[in-house]
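The structure appears below as structure tokens.
The values are calculated or read from the model by the stated rules, or taken from the named source; none is laboratory data. Quick caveat: nothing in here was measured; it's all calculated off a predicted structure. Please note: Cβ atoms are built from the backbone with ideal geometry, for glycine as well, and neighbour counts cover all protein chains shown. Protein only, heavy atoms only, side chains kept; ligands, DNA and RNA dropped before computing areas. Shrake-Rupley method; radii C 1.70, N 1.55, O 1.52, S 1.80 Å.
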Amino acid sequence: MSGIRVCALFRPLNSKEKTYHGDSISIRGIDPESFVFKDEKDEETEFRFDKVFFPGSEQADIYEFLALPIVKAAASGANGAIITYGQTGAGKTYSMEGPNIIQCDEKQKGLLPRVVDGIFNAIKSSDDIIKYTVKLSMVEIYMERVRDLFDRSKENLQIKENKMQGIFVNGVTEVSISDSAEALRTLSTGIANRAVGETQMNIASSRSHCIYIFVICQEIRKERRCGKLILVDLAGSEKAEKTGAEGRVLEEAKTINRSLSALGNVINALSLPGKGSHIPYRDSKLTRILQDALRGNSQTALLCCCSPSPSNASETLSTLRFGARAQHIKQSAHFNVKEDEDTISSPEVSSTKNESSERILAKLAERMEPEDVQLLEQLFVLEGIFFDPNSVEEVESAYEDVTSITISSLQKAVEELVATVDEVKKENETLKASRKLHAAESDIIQHGRRGSSLKPNFANLDNCKIL
């Protein structure tokens, strides 16, 4: 078994950092794999990773060491993941995309465009491939909702799991791509739809976790191999006093920090020796979608992006400690190979949706009231929730999904009810004012008939609106 490959990347100092601390930095290199870090209290800690990229490192070197082995494996049928992690403004998105995913020179190209080239180069260099397909999807996790970046109408996609696909995003748009240029144009469209906002740390801060998913399938003689490669550009951890976040941006930051905290808890649980059986993958959408990348059947690399400035020492230390814990996670990736078409479409896997639905409902009926089962059956039909009924985990996932759908429906109904109540209140107020006005008019008319010696009652005119 091998561990997650972890690298540290220190970007160059920016102008703001130079204004406060000049050219001083909080790291001292020892060799290409280790360095000494000085924290805010001037205490020194030595860190050692698979590779350290000091300020001024080339983008090509990062790709060749961190990503290229994973890309080649994915093109041969293994699962892989490449994750960028760090505080806001640490260089995660630049490392992933470069200054522009389509128009930039070769030296500045980020991981993503290099990965795209690597996939098609690996396919073309193989003499054994008879047929291949490459499908691309792109989602963001924004405020704990999974959004399709190729179809903005898909705002709350559900994360599912089955034996064939592992963890996947149900209903996500998949685009078939035939070459690097087409892939980059497609990715550029998705990137334009991503949620970003300005903070004091970054003029275009990512407000969501962005996930790029490549599924590469090949036919080699009588074998069919499918590898899934995901690239994850995490939103940065933030301190409100540094970013100056307010209102909506502050709420975004709180959600980002909660999901990153959940990721940290999963890393801790996986890295501790003698760990218990429970790993809290379901505590956030991020950890759920990264479950395959973290738990075993994947070659995974983590790039810890850091600022070398003393002004960000606290956040950098937190990032480095996160990377150090991730190093202890062991993985055992294997190639996803099917020998023939019969294996791919075996009866167990190709159960019809109706059969799956009936078997799921039968299992749920053992621990639920009949009325609840009937409600679930109706929701299954309406929402198209079908999956492998033999997995207890998927049954539980279905229950969570149905619960989420039900809650969303109830919330919408409550919002509509509140709006209706407000309208009724306004109509009642208008009606009351109208009645008071009519009553006042009647008093005036009656007093006028009785003569001027009688003093009319104008009390009904109080608080009346003249219509």
Taking the options PRO99, PRO69, name whichever one is under 30 Å from SER311 (Cα atoms), at pLDDT 90 or above and open to solvent by 50 Å² or more (accessible area, probe 1.4 Å). PRO99
Take the residues of region 1-22 that are within 17 Å of ILE83 (Cα to Cα) and either in contact with a Gly (Cβ under 9 Å, 6 or more places away or on another chain) or among the hydrophobic types (A, V, I, L, M, F, W, C) (or both): which is most open to solvent (accessible area, probe 1.4 Å)? ARG11
Quick one: in region 289-307, of everything that is in a helix (DSSP H, G or I) and touching an Asp or Glu at 6+ places or on another chain (Cβ under 9 Å), which residue is surrounded by the fewest Cβ atoms within 10 Å (Cβ to Cβ)? GLN291
Among the numbered criteria (1) on the phi < 0 side of the Ramachandran plot; (2) open to solvent by less than 10 Å² (accessible area, probe 1.4 Å), which one does GLY77 miss? (1)
Those residues of region 111-164 which are among the aromatic types (Phe, Trp, Tyr) and in a loop (DSSP other than H, G, I, E, B), in sequence order: PHE150
THR45 versus (1) of a type outside the set (D, E, K, R); (2) under 26 Å from the mean Cα position of the chain (by Cα); (3) modelled with pLDDT of 95 or more: which is the lone unmet condition? (2)
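Per-residue answers, yes or no, for (1) acidic (Asp, Glu); (2) under 11 Å from the mean Cα position of the chain (by Cα); (3) open to solvent by 30 Å² or more (accessible area, probe 1.4 Å):
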position: GLY110; (1), (2), (3): no, no, no
position: ILE119; (1), (2), (3): no, no, no
position: ASP128; (1), (2), (3): yes, no, yes
position: GLU144; (1), (2), (3): yes, yes, yes
Regarding region 23-40, can at least one residue be identified that is surrounded by 11 or more Cβ atoms within 10 Å (Cβ to Cβ), out of contact with any Phe, Trp or Tyr (no Cβ under 8 Å at 6 or more places or on another chain) and small (Gly, Ala, Ser)? yes
